[in-house]
Amino acid sequence: MPVTAAPGNVDIWYEIFGEGPPLLLVSGTGHDHTLWANQFPYFKREFRCIVFDNRSAGKSGVPPPGYSLADMAGDAAAVLDAAGVEKAHVMGYSMGGHISQELCLRHPERVLSLGLHHTWARNCARLGDFQRTRKQIAERGDMETLAAFSLLGLYSHEYYDAHGGEMKDKARWLAENASPREGWIGQLEATLQGDTLDRLHRIEVPTLVTASSHDLIVAPHHAEEIHSRIEGSRKVILEGTGHVALIERPGEFARICLEFLRKVAKSG
């Protein structure tokens, strides 16, 4: 699979599939591109999907901690360059949504539309403490506990209880296959420092903002903060789902995204 060198000489792995307008998908903390796996069957029918592993995750390079979410937005721009794409629809999930904000703010000419899913612009007290706790666990090297703790926040109470055995399998997979210790530390440091709130008014592309009513990590008030600062943005709250609504209800999540993208294409 192709690899491109991002600023700072960090190798970023990416893949392209599907046909149609380009759609760049940006993943969240600790996860590789497969965070979006349940969406691929829906998106690839209408879009040329560009997926990649963030620095410090999956098959991409793991630089020392000390980089920012803006640096990771530079990685995303480098992937667009390598794919020969001048402009793309951009969707980011969780940390990926914050990276997507930085991409649009720093490279507005590269973004056709923006999907900010279950993300934030500035840490609140609870979100900051959650990220700091995960960072402390990573610093101790206890990846099994980090994976289990993360999953408790990722899924809604109802979904977790209904998929208890699956959660144990996911915890094992996350501990063994997600970001290495240094990757978690670096990404979590970046999330703690990231702040786009006071710049969001500069975003002028069509923007979809989503959240879930039962999100234990990024409460819906973060979506309202973002929505209130991006003129003309659309906000959708998924009822009864947790942080990873794209996994809990893949069809509903894809429908919301595709309806938005089709409307953007029609108006354009």
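Key figures
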{"quantity": "Most to least packed among 115-127, 247-259 [average Cβ atoms within 10 Å]", "calculated": "115-127, 247-259"}
{"quantity": "Relative contact order [Cα under 8 Å, 6+ residues apart], the chain, whole percent", "calculated": "20"}
{"quantity": "Net charge, residue 127 excluded, C-beta distance under 13 Å - Lys, Arg +1, Asp, Glu -1", "calculated": "+1"}
{"quantity": "Candidates 59, 170, 135: whichever shows maximal mean-square fluctuation once the chain is modelled as a Gaussian network with Cα springs under 10 Å", "calculated": "170"}
{"quantity": "Whole-number percent relative contact order across segment 191-266, with pairs defined as alpha carbons under 8 Å at least 6 apart", "calculated": "30"}
{"quantity": "Percent of beta bridges antiparallel (DSSP, the chain, rounded to nearest 5)", "calculated": "30"}
{"quantity": "Magnitude of the charge dipole, segment 3-267, Cβ model with Lys/Arg +1 and Asp/Glu -1, debye to 20", "calculated": "420"}
{"quantity": "Full-extension gain in nm, residue 252 to residue 192, via 0.36 nm per residue minus C-alpha separation", "calculated": "18.6 nm"}
{"quantity": "Positive dipole terminus of the chain, leading residue within 25, 101, 258 (C-beta point charges)", "calculated": "258"}
{"quantity": "Packing-based exposure ordering (other Cβ within 10 Å, fewest first) of 182, 102", "calculated": "182, 102"}
{"quantity": "Kirkwood Rh and Cα Rg combined as Rg over Rh, evaluated for segment 77-156", "calculated": "1.09"}
{"quantity": "Whole-Hz couplings from phi, Karplus 6.51/-1.76/1.60, listed for segment 15-24; x for Gly and Pro", "calculated": "8, 10, 8, x, 10, x, x, x, 10, 8"}
{"quantity": "Hits among lysines - C-alpha to C-alpha of residue 266 under 25 Å, sequence gap 8 or more where chains match", "calculated": "44, 87, 235"}
{"quantity": "Computed E for residue 5/residue 162 - FRET, C-beta separation, R0 45 angstrom, nearest 0.05", "calculated": "0.55"}
{"quantity": "The chain: most fluctuating residue of 56, 100, 150 per GNM, C-alpha cutoff 10 Å", "calculated": "150"}
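Read the figures in this text as sums done on the coordinates, not as results from a lab. These numbers come from a predicted model, not from an experiment. Cβ sites come from the backbone with ideal geometry, for glycine too, and all protein chains shown count toward neighbours.
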